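Student: Following this message is one structure expressed as structure tokens.
The values are calculated or read from the model by the stated rules, or taken from the named source; none is laboratory data. These numbers were taken from a predicted model, which means no experiment stands behind them. Note that each Cβ is placed from the backbone with ideal geometry, even for glycine, and that neighbours are counted across all protein chains shown. In case anyone asks, the SASA skips ligands and DNA or RNA and just uses the protein heavy atoms, side chains included. Shrake-Rupley method; radii C 1.70, N 1.55, O 1.52, S 1.80 Å.
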Amino acid sequence: MEELKKAYNYVYNIIKRKVSYGLILGSGLGGVTDSFENKIEISYNEIPEFPVSTVPGHDGRLVFGEYNGKFAVLMKGRFHFYEGYEPSRVVYGVRLMKLLGVEKLIITNAAGGVNTEFNPGDLMIITDHIGLFAPSPLRGPNFSEFGPRFPDMSYAYNPELIRIAEACAKKLNIPVRKGVYVFTQGPMFETPAEIRAIRILGGDAVGMSTVPEVITANHCGIKVLGISCISNMAAGVLDQPLSHEEVMETGDRIKPLFISFVKEILDRI
Ligand code: HPA
């Protein structure tokens, strides 16, 4: 908490105002902030105690700006469990957002398609998640300033935000999917047997991010909207190996559509 307060003081002294919503976007979607006005950028490494990202393609800064009269922050570059961070460090930015006043959070990611009806390039509104395969970011003493010891996760993905996202997809004529996102620790992709097991458990998509942030956001009462870009079919669905290049390629291809979808949502929240 002391660390977080230092980070908060540092950032607040620069921006000097409350932030309404936050964005944590998968790599390549930073273009959303092109439409922000009066931008202020703060590099992670100048913020006291803030973790620093190690993944190529994830640059590390907070981008603040006005969008439709509301003040927003984008975390450009995020932290993953597979990089070696403690789960509580992965979610540092979410807690900082809470201190800055954030009420709604939009999180996007790249994910493997487990549901065989899906295709690479599909967008999926996350309706729920399965996070059983990794330690919780809330493990350890409870930060009661943020929320209760045993937070409810019944509506982890806010139903109203899901409705808004669906309406936006309809307006833009984007054939969006809905489904359950399953968190795996990574950094290796899953085995075909793991993917079959995940399918039986009820998963539609699989990925290595998002769930820790969503748990933390729910703990501290931030409403979440989650959207996955299905960047590849998960292991064993097709008779071919998986690669990070494929994930990046699909992400690049879908980027303009994904950005316009997120902007449309921002117009309505
Ligand atoms: N598995 C896990 N994470 C991912 C995948 C996948 O197939 N694709 C993109 N992120």
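Student: How large is Rg over Rh for the chain, taking Rg from the Cα atoms and Rh as the Kirkwood inverse mean of 1/r across Cα pairs? Mind showing how you got there, number by number?
Tutor: On the way: Rg = 17.5 Å, Rh = 18.6 Å.
Result: Rg/Rh = 0.94.
Student: If r is the Cβ-Cβ distance from Q185 to R149 and R0 is 30 Å, what FRET efficiency results, to the nearest 0.05? Before the final figure, lay out the partial values.
Tutor: On the way: r = 24 Å, r/R0 = 0.81.
FRET efficiency, Q185 to R149: 0.80.
Student: At a Förster radius of 51 Å, what calculated FRET efficiency corresponds to the Cβ-Cβ distance of N38 and I200, to the nearest 0.05?
Tutor: Values: r = 50 Å, r/R0 = 0.97.
It comes to 0.55.
Student: Might you work out the accessible area of I164 for me, using a 1.4 Å probe with all protein chains in place, and round it to the nearest 10 Å²?
Tutor: Probe radius 1.4 Å; accessible area of I164 about 30 Å².
Student: Toward the positive end of the charge dipole of segment 2-268, about the Cα centre and with charges on Cβ (Lys, Arg +1; Asp, Glu -1), which of H129, V262, G147 goes farthest?
Tutor: G147
Student: Which three numbers, in whole Å and largest first, are the semi-axes of the equivalent ellipsoid of segment 167-222 derived from its Cα gyration tensor as √(5λ)?
Tutor: Values: eigenvalues 113, 74, 20 Å².
So the three semi-axes of segment 167-222 are 24, 19, 10 Å.
Student: Something else now. Take the Cβ-Cβ distance between E46 and M1 as r, set R0 to 22 Å, and report the resulting FRET efficiency rounded to the nearest 0.05.
Tutor: Working: r = 21 Å, r/R0 = 0.94.
My answer for the efficiency is 0.60.
Student: Quick check: convex hull of the Cα atoms in segment 1-115, volume per residue, rounded to a whole Å³? The partial results should precede the final answer.
Tutor: Working: hull volume 13.6 nm³, N = 115.
Each residue corresponds to 118 Å³ of Cα convex hull volume.
Student: Over the Cα atoms of segment 152-269, each weighted equally, I'd like the Debye log10 I(q)/I(0) at q = 0.11, 0.22 Å⁻¹, rounded to two decimals.
Tutor: Here log10 of I(q) over I(0) equals -0.42, -1.38.
Student: Quick one: putting +1 on the C-beta of Lys and Arg, -1 on the C-beta of Asp and Glu, what dipole do you get for the chain around its Cα centre, in Debye to the nearest 20?
Tutor: On the way: 28 positive and 30 negative charges, 174 e Å.
Dipole about the Cα centre, nearest 20: 840 debye.
Student: Got a number for the accessible area of L99? Probe 1.4 Å, square angstrom, nearest 10.
Tutor: Accessible area of L99: about 50 Å².
Student: Quick one, can you get me the convex hull of the C-alpha atoms of segment 218-269 expressed as volume per residue in Å³?
Tutor: Numbers: hull volume 5.9 nm³, N = 52.
Roughly 114 Å³ of hull volume per residue.
Student: Let me ask something additional. Amide H of V224 versus every other amide H placed in the peptide plane: which residues, excluding those fewer than 5 positions away on the same chain, fall under 5 Å?
Tutor: Long-range HN contacts for V224: L105, N158.
Student: In nm, to one decimal, how far is the K18 label point from the H244 one, both placed 7 Å along Cα→Cβ?
Tutor: Inter-label distance under the simple model: 4.1 nm.
Student: I've got another one for you. Please list K98, K223 in order of solvent-accessible area, largest first, computed with a 1.4 Å probe with all protein chains present. Display every interim value, and only then the final one.
Tutor: Working: K98 70, K223 100 Å².
The ranking, largest first, comes out as K223, K98.
Student: Relative contact order (percent) for segment 2-268, with alpha-carbon contacts under 8 angstrom and 6 or more residues of separation? Please report the intermediate quantities before stating the final value.
Tutor: Working: 534 pairs, mean separation 67.2, N = 267.
Worked out over segment 2-268, it gives 25 percent.
Student: Same structure, new question: Can you divide the C-alpha Rg of segment 102-159 by 2.2 N^0.38 Å and report the result to two decimal places? Write out the running numbers ahead of the final one.
Tutor: On the way: Rg = 14.9 Å, N = 58, 2.2 N^0.38 = 10.3 Å.
My calculation over the Cα atoms of segment 102-159 gives 1.45.
Student: Moving on. Just to confirm the filter: which GluC sites (Glu not before Pro) across segment 135-185 are DSSP coil and have at most 15 other Cβ within 10 angstrom of their Cβ?
Tutor: Working: sites: E145, E160, E166; in loops: E145.
Hits after loop and neighbour filter: E145.
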